[in-house]
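A short reminder: the numbers here are calculations on the coordinates, not readings from a lab. On a predicted model such as this, the values are computed, not experimentally measured, just so you know. Cβ placement follows ideal geometry from the backbone for every residue including glycine, while neighbour counts extend to all protein chains displayed.
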Amino acid sequence: MSSMKLGVNIDHVAVLREARRVNDPDILNALNVACANGADQITIHLREDRRHIQDIDAKNIMLHSQLPVNLECSINRDILNIVSGLRPHRATLVPEKREEVTTEGGLDVFTYEDEIAYAIEQLHDSIIPVSLFVDPTMEAMEKSKELGAEMVELHTGLFSNLFAMLNSSLPHSNHSVKELELPRYELASRLEKSLEDIQTAATHAKKLGLEVAAGHGLNYHNVSYMMDIEEITELNIGQSIIARSVFCGLADAVREMKRLTVR
């Protein structure tokens, strides 16, 4: 047996802290629990609006983490300067909009080609490997390789939304995905197609020499589908782990997710 690398994203611990603007829960406590219970790396996103992770958090996590740190960030030059100074084990470049609830869609590696190339060059100058958070298309894999990234993280948001609309109570909630309010046979067909796209992109990325990760919307119910794609060697999962920890504790939540990522 082998296990896929599990990156535990602890952003949502900071979301809870920022809701009351007190240092509770302490992000470093979350870091230590995740490290002690099966995480293979720690993932955080230093957003431009600092809605959860703050500069001091990123610095302290870099200082105290016993595991590699995957620091997600936009291509904003002020943010890149901070990341270059922190020198995480990896930087993952992601799209970012102030009005979004969470990152929606992959990085547009065609429209922002020049800005991404600049960002990768700056990060490489600081000896920081770069991953690009991109939609699972052949074209995005090829452009990511051309731009000089070492890794891609496949955006699994569409897959996750389709799975939830088909297999959970999401359609009956206030958070139903309106554009996916479709007959079940149509959802099933689109879910199958989204998995095929992820598999095809992962296979092509590996052939190009890129490492392949996946993330966004993955949870305890749908993560098994990613385990069948052998080219994917890493998953980055946050919200579902923190949500489950409310009921069972963070240690158990991380251990259970790690158990599900054993092939």
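In the structure displayed, which of K145/K207; K145/K258; K143/K193; K5/K59 lie more than 19 Å apart, Cα to Cα? Numbers along the way, then the final one.
Working: K145/K207 11 Å; K145/K258 30 Å; K143/K193 22 Å; K5/K59 23 Å.
Going by Cα-Cα distance, K145/K258; K143/K193; K5/K59 fall outside the 19 Å limit.
Quick one: among L46, L180, L250, which has the greatest mean-square fluctuation in a GNM of the chain with alpha-carbon springs under 10 angstrom?
L180
So, by mean Cβ neighbours within 10 angstrom, what's the order for 188-201, 147-160 with the highest one leading? Intermediate results must be reported in sequence, preceding the final value.
Details: 188-201: 17.1, 147-160: 23.6.
Peptide ranking by packing, descending: 147-160, 188-201.
Per DSSP H run of n ≥ 4, the term is -39500 (n - 2.57); total these for the chain, divide by its residue number, and report the mean residue ellipticity at 222 nm rounded to 500 deg cm²/dmol.
On the way: 11 runs with 124 residues, N = 263.
Per the formula, -14500 deg cm²/dmol.
Say each of D24 and R77 gets a label point 7 Å from the Cα, pointing the same way as Cα to Cβ; how far apart are those two points in nm?
4.3
If I model a spin label at R259 and R50 as a point 7 Å from the Cα along the Cα→Cβ vector, what separation in nanometres do I get?
4.0
Please work out how much length the chain gains when fully extended from K207 to F110, using 0.36 nm per residue of separation minus the C-alpha to C-alpha distance, in nm with one decimal. Each step should come with its number before you reach the end.
Details: separation 97, 0.36 × 97 = 34.92 nm, distance 2.08 nm.
Length difference between fully extended and current span is 32.8 nm.
Of K258, K207, how do they rank once you tally other Cβ atoms within 10 Å and put the fewest first?
Values: K258 19, K207 11.
Going from least to most buried by this count: K207, K258.
Hey, fewest Cβ within 10 Å first, where do R90, R21, R244 land in order? It would help to have the intermediate numbers written out before the result.
Working: R90 23, R21 6, R244 18.
Ranked by crowding around the Cβ, least crowded first: R21, R244, R90.
Quick one, which of (i) 18.4, 59; (ii) 19.7, 63; (iii) 17.6, 50 is the actual Rg and Dmax of the Cα atoms in Å calculated for this model?
Of the listed options (i) 18.4, 59; (ii) 19.7, 63; (iii) 17.6, 50, (iii) comes from this structure.
Between segment 211-262 and segment 1-76, what is the separation of their alpha carbon centroids in Å?
Measuring centre to centre over Cα atoms gives 15 Å.
By how many nm would the segment from N174 to I127 lengthen if fully extended, with 0.36 nm per residue of separation less the alpha-carbon distance?
Details: separation 47, 0.36 × 47 = 16.92 nm, distance 4.47 nm.
Working it through step by step, the gained length comes to 12.5 nm.
For S131, S144, which order do you get if you count the other beta carbons within 10 Å of each Cβ and list the fewest first? Each step should come with its number before you reach the end.
Details: S131 24, S144 28.
Ascending number of Cβ neighbours within 10 Å: S131, S144.
Which residues among segment 139-171 fall inside the zone where the amide N is under 16 Å from a point 7 Å beyond the Cα of A188, along Cα→Cβ?
Only 162-168 pass the distance filter.
Counting Lys and Arg as +1 and Asp and Glu as -1, each charge on the Cβ, what is the dipole of segment 151-263 about the Cα centre in debye, to the nearest 20?
On the way: 11 positive and 14 negative charges, 51 e Å.
Approximately 240 debye in magnitude.
Report the gain in length on full extension from F247 to S3: 0.36 nm times residue separation, minus Cα-Cα distance, nm rounded to one decimal. Could you put the intermediate results ahead of the total?
Working: separation 244, 0.36 × 244 = 87.84 nm, distance 2.54 nm.
Value of the extension gain: 85.3 nm.
So which residue, out of T111, T233, T137, gets the largest mean-square fluctuation from a GNM of the chain using Cα contacts under 10 Å as springs?
T111
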